Amino acid sequence: MDQAKRLLCTRDLWNPFNTTFVQTCGMLLVSQIFHVILKPLGQPGPVAQILAGLVLGPSLLCKIERVRQIFIQPAFEAYSFLLLFVFRILFMFSIGLEADLPYMSRNMKRIGVVAAWNLGVCGAFGAAASFFVIYLLKVASHRFAFAIIIMIIVASTASPVVVRLVAELRFDTADTGRLAISAALFIELFCIAWYSTYLAFSAGNMFGFALVCIVGTGIVAYANRFMAMWCNKRNRNMKFVPGTEMSAILLLVILLSFMIEKLGFNSMISCFLVGVAFPREGKTTRTLLHRLTYAVNNFILPIYFGFNGFRFDVNYLISVRNCIVVALVIVLGIGGKIIGTLCACHHLNIPRNDAVVLAFILNLKGHGELLVIEAFSRSDGQTWWDDNTHKLVIIIVVINTLIAGPVVSFILRRDAKYFAHKLTFLEFLDPEKELRFQLCVYESRHITSKLGLIASMTGSNRSPTVTYLLHLVELQKRHRRKKKLMYHQLQDGDQFSDDDEYGGNDIVEINDAVDAFTTDSKILVHQNKAVSYFPKVYEDVCSSAEDLRVSIVFLTFHKHQRLDGKLENDKDGMRIVNQKVLRHAPCSVGIFVDRGLTGFQLPSPELAQNVATLFFGGPDDREALACCKRIAMHPYVNLTIIRFLSSGQPKKKEVHDRNGEDEEQHISICSYEVDMAIDNVFMEDFCNRYVHD
């Protein structure tokens, strides 16, 4: 009797729900161990997470009978499918929320060319490979559907894997990295749409359901926009929106996804579009990004990649026939991506080094193709899609990612200087090219004039900009720690971590000012916060400028103007921070002197701003004048250039027997003449473009 009770308790303890929970915890733990080991070798996180799933899966630990009985149970697939389905909803919504829409709209041709070449070449290779795969696997029915699956497997790119890998390698701000993310999204969405269209044609009565899905997506997108604006007004004096309101927004997206899946379509496109349509300003968006980004990067994607590795079964590679199928599809997939990307980059005049990295990034798999094969297996049953074929597809996906990820990491490490942040001086930057700049503030009183500077720098559609605002918060040596409360004792909307308490009320005031500015001007400002001791603040500024690949950083002057017009010293250490940033910054640096209400304000039809530039000559003044090119494009800014010329210039002496001092004087005279010639050409070009126009 006692033994029966123990067996019953054991059976209840290791039910599929508890097993899934233990698996997720084990994947997080093992993936963290692999990440610590592989990170010094330059390997990205997804590789470590897939390897964690391999260790826990049938390839290794599950070969032990006791572990296999616990981890692989009859109802395990249903639990894992539901868990991964919710995870997909959340990270596709997060990807849509973080999508760089201005970059996509400006570079639609480049993205379309890269995506089209990849789809065309890989689709052709997949169609050719499908004949051999069908013959080798002896597929008797649904051959056309099977050929479509092979084509999608070869051509697809997993956008979540690409986003995660590129972000971990700090390549997401590079032009090639942004192109890879955008092209991956286009390729994956096209593959899912291709599959959905095939289902609609094969079912015959799916077009009515498709219309319902489109209308439902539009309704949820509009409802979320309305809820976001309502939450912004309701929580005006709070740092973040409460979790209950965030849950309501996400619940709408999850319900929409369940409805679309019930109608027989894939819901990932709708989740992405709802995220794209979500407002980009306000506390609601900031809260969603703050909480979703942490959850997706630290829990959702690691568990998702781990489950992909868990389903990898090395036992299926014992058969020679299966090995031939896997090798054929992988080789054709990699070859198709390389050929398609090289052709597209040759057409777009993209360097070959960037093309090779782009090709291997687009070879990452693990999302769209899994959705397709799962949907096919559910829709047509098991009459033609057996478990052996399903496992082979998972093996192909996992091996592809394990090959492409380390290759990308190796190339970026080997050619680190080539792909590193280059000194993009404003003097040599085309005004019609994208300008990335960063502004640093310490307190809320610094933000008003900085917003005026942002508006003046982004005053024309011909000169695209990406703006970053870095809030520098001093970490006191004896910072008062938050009272240790239990989680349920926190007020709704509060954060359990101490990190969010740094900055005080300045954070709320800065956020409100930026939100109001973004709502009125439609200029998106990316906000970051750096908490550090003053002797180390310059490191945060410089590393942020390097990671974000900005061309210029604007610092706050260490004095502020009082009401009587006199300048008074601000926080202790600001001057030292500015001096260190000037010495160590990887880009140009500007010092912004805030004069308060008597200084620079937000340009508007009622309040036009007058700006004067004093040009004495030299590279620093040319850099300042290049910055003024952007300001001159604003319709409500009047720019005046005042050039100072020397009354006389050094005379060149004829010296036959020169010593060291004479050679140094000769070099200085030549340098002066060269600088004068460059200044003349630069001023002439500026006048022809902005004054005579």
| field | Odd one out for residue 196 among (1) modelled with pLDDT of 90 or more; (2) outside any loop (DSSP other than H, G, I, E, B) | value | (1)
| field | Condition broken by residue 216, with the remaining ones in (1) assigned to a loop (DSSP other than H, G, I, E, B); (2) surrounded by fewer than 20 Cβ atoms within 10 Å (Cβ to Cβ); (3) at pLDDT 85 or above satisfied | value | (1)
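I'm trying to understand the selection: among the residues of region 224-244, which are free of Cβ contacts under 8 Å to residues at least 12 places away in the same chain and more than 18 Å from residue 509 (Cβ to Cβ)?
Taking region 224-244 first, the residues free of Cβ contacts under 8 Å to residues at least 12 places away in the same chain are 226, 230, 233-234.
Listed by number, the residues that qualify are 226, 230, 234.
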| note | Per the filter on region 40-58, residues out of contact with any Phe, Trp or Tyr (no Cβ under 6 Å at 6 or more places or on another chain) and not in a helix (DSSP H, G or I) are 42, 43, 44, 58
| request: State which residue is farthest from residue 46 (Cα to Cα) when the search covers only region 334-348 and only residues that are open to solvent by 30 Å² or more (accessible area, probe 1.4 Å) and of a type outside the set (A, V, I, L, M). | output: 347
| request: Give region 284-310 a look and list any residue that's open to solvent by 30 Å² or more (accessible area, probe 1.4 Å) and under 14 Å from residue 48 (Cα atoms), or say none. | output: 297, 298, 299
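Report yes if residue 184 is in a helix (DSSP H, G or I), buried (at least 22 other Cβ atoms within 10 Å of the Cβ) and either of a type in the set (S, T, N, Q) or at pLDDT 90 or above (or both), otherwise no. Working first, answer last.
On the way: in a helix (DSSP H, G or I): yes; buried (at least 22 other Cβ atoms within 10 Å of the Cβ): yes; either of a type in the set (S, T, N, Q) or at pLDDT 90 or above (or both): yes.
Yes: the conditions hold for residue 184.
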| Among helices (runs of 4 or more DSSP H) lying entirely in region 251-339, which contain 3 or more residues that are within 25 Å of residue 95 (Cα to Cα) and of a type in the set (D, E, K, R)? | 283-295
| message | Could you go through region 596-614 and let me know if any residue there is buried (at least 18 other Cβ atoms within 10 Å of the Cβ) and either under 29 Å from the mean Cα position of the chain (by Cα) or among the basic types (Lys, Arg) (or both). | response | no
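Among the candidates 165, 169, single out the residue that is under 17 Å from the mean Cα position of the chain (by Cα) and crowded, with 24+ Cβ neighbours inside 10 Å. Can you show your working first?
Details: 169 fails: crowded, with 24+ Cβ neighbours inside 10 Å.
It is 165.
Among the listed residues 113, 139, identify the single one that is farther than 30 Å from residue 464 by Cβ and either touching a residue at least 24 places away in the same chain (Cβ under 8 Å) or open to solvent by less than 70 Å² (accessible area, probe 1.4 Å) (or both).
Details: 113 fails: farther than 30 Å from residue 464 by Cβ.
Selected residue: 139, the only one of 113, 139 that is farther than 30 Å from residue 464 by Cβ and either touching a residue at least 24 places away in the same chain (Cβ under 8 Å) or open to solvent by less than 70 Å² (accessible area, probe 1.4 Å) (or both).
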| message | Quick check on my filter: what residues within region 51-64 are open to solvent by less than 10 Å² (accessible area, probe 1.4 Å) and under 13 Å from residue 34 (Cβ atoms)? | response | 52, 53
| said: Could you list, ordered by first residue, the pairs with Cβ atoms under 7 Å in which the first is in region 388-403 and open to solvent by 10 Å² or more (accessible area, probe 1.4 Å) and the second is of a type in the set (Gly, Ala, Ser) and modelled with pLDDT under 90, at least 6 apart or interchain? | reply: 390/377
| task | Specify the residue that is surrounded by the most Cβ atoms within 10 Å (Cβ to Cβ); the eligible residues are those in region 79-100 that are small (Gly, Ala, Ser) and under 17 Å from residue 297 (Cβ atoms). | result | 94
| note | Filter region 411-428 for residues that are within 21 Å of residue 177 (Cα to Cα) and out of contact with any helix residue (DSSP H, G or I) (no Cβ under 7 Å at 6 or more places or on another chain); the one that is surrounded by the fewest Cβ atoms within 10 Å (Cβ to Cβ) is 417
| request: Could you tell me which numbered condition residue 434 fails, if it satisfies all but one of (1) touching a Ser or Thr at 6+ places or on another chain (Cβ under 9 Å); (2) over 30 Å from residue 509 (Cβ atoms); (3) of a type in the set (Asp, Glu)? | output: (2)
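So which of 331, 320 ends up being open to solvent by 40 Å² or more (accessible area, probe 1.4 Å), among the β-branched types (Val, Ile, Thr) and under 14 Å from residue 399 (Cα atoms)? Please lay out each step first, then the result.
Working: 320 fails: under 14 Å from residue 399 (Cα atoms).
Among 331, 320, only 331 is open to solvent by 40 Å² or more (accessible area, probe 1.4 Å), among the β-branched types (Val, Ile, Thr) and under 14 Å from residue 399 (Cα atoms).
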| task | Could you check residue 34 against (1) among the aromatic types (Phe, Trp, Tyr); (2) in contact with a Phe, Trp or Tyr (Cβ under 7 Å, 6 or more places away or on another chain); (3) without any contact (Cβ under 8 Å) to a residue 24 or more places away in the chain and say which number it fails? | result | (2)
| task | Hey, can you tell me all the residues within region 526-581 that are touching a Gly at 6+ places or on another chain (Cβ under 6 Å), surrounded by fewer than 19 Cβ atoms within 10 Å (Cβ to Cβ) and touching a residue at least 60 places away in the same chain (Cβ under 8 Å)? | result | 534
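How many of the residues making up region 279-302 are in contact (Cβ under 8 Å) with a residue 60 or more places away in the chain, of a type outside the set (Asp, Glu) and more than 18 Å from residue 161 (Cα to Cα)? Full working, then the answer.
We begin by selecting, within region 279-302, every residue in contact (Cβ under 8 Å) with a residue 60 or more places away in the chain; these are 280-283, 285-286, 288-289, 292-293, 295-297, 299-302.
Checking the rest, the ones that are also of a type outside the set (Asp, Glu) come to 280, 282-283, 285-286, 288-289, 292-293, 295-297, 299-302.
Right, trim to more than 18 Å from residue 161 (Cα to Cα) and you get 280, 282-283, 285-286, 288-289.
Here the count works out to 7.
From 166, 212, 154, grab the single residue that is more than 22 Å from residue 372 (Cα to Cα) and either without any contact (Cβ under 8 Å) to a residue 40 or more places away in the chain or among the hydrophobic types (A, V, I, L, M, F, W, C) (or both). Before the answer, list the steps.
On the way: 212 fails: more than 22 Å from residue 372 (Cα to Cα); 154 fails: more than 22 Å from residue 372 (Cα to Cα).
After applying the criteria, what remains is 166.
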| Scanning region 432-453 for residues that are in contact with a helix residue (DSSP H, G or I) (Cβ under 6 Å, 6 or more places away or on another chain) and open to solvent by 10 Å² or more (accessible area, probe 1.4 Å), which turns out modelled with the highest pLDDT? | 451
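The values are calculated or read from the model by the stated rules, or taken from the named source; none is laboratory data. Being a predicted model, the structure only gives us computed values, none of them experimental. Every residue, glycine as well, gets a Cβ built from its backbone with ideal geometry; the counts of neighbours run over all protein chains shown. Heavy atoms of the whole protein, side chains included, go into the accessibility calculation; ligands, DNA and RNA do not. Shrake-Rupley method; radii C 1.70, N 1.55, O 1.52, S 1.80 Å.
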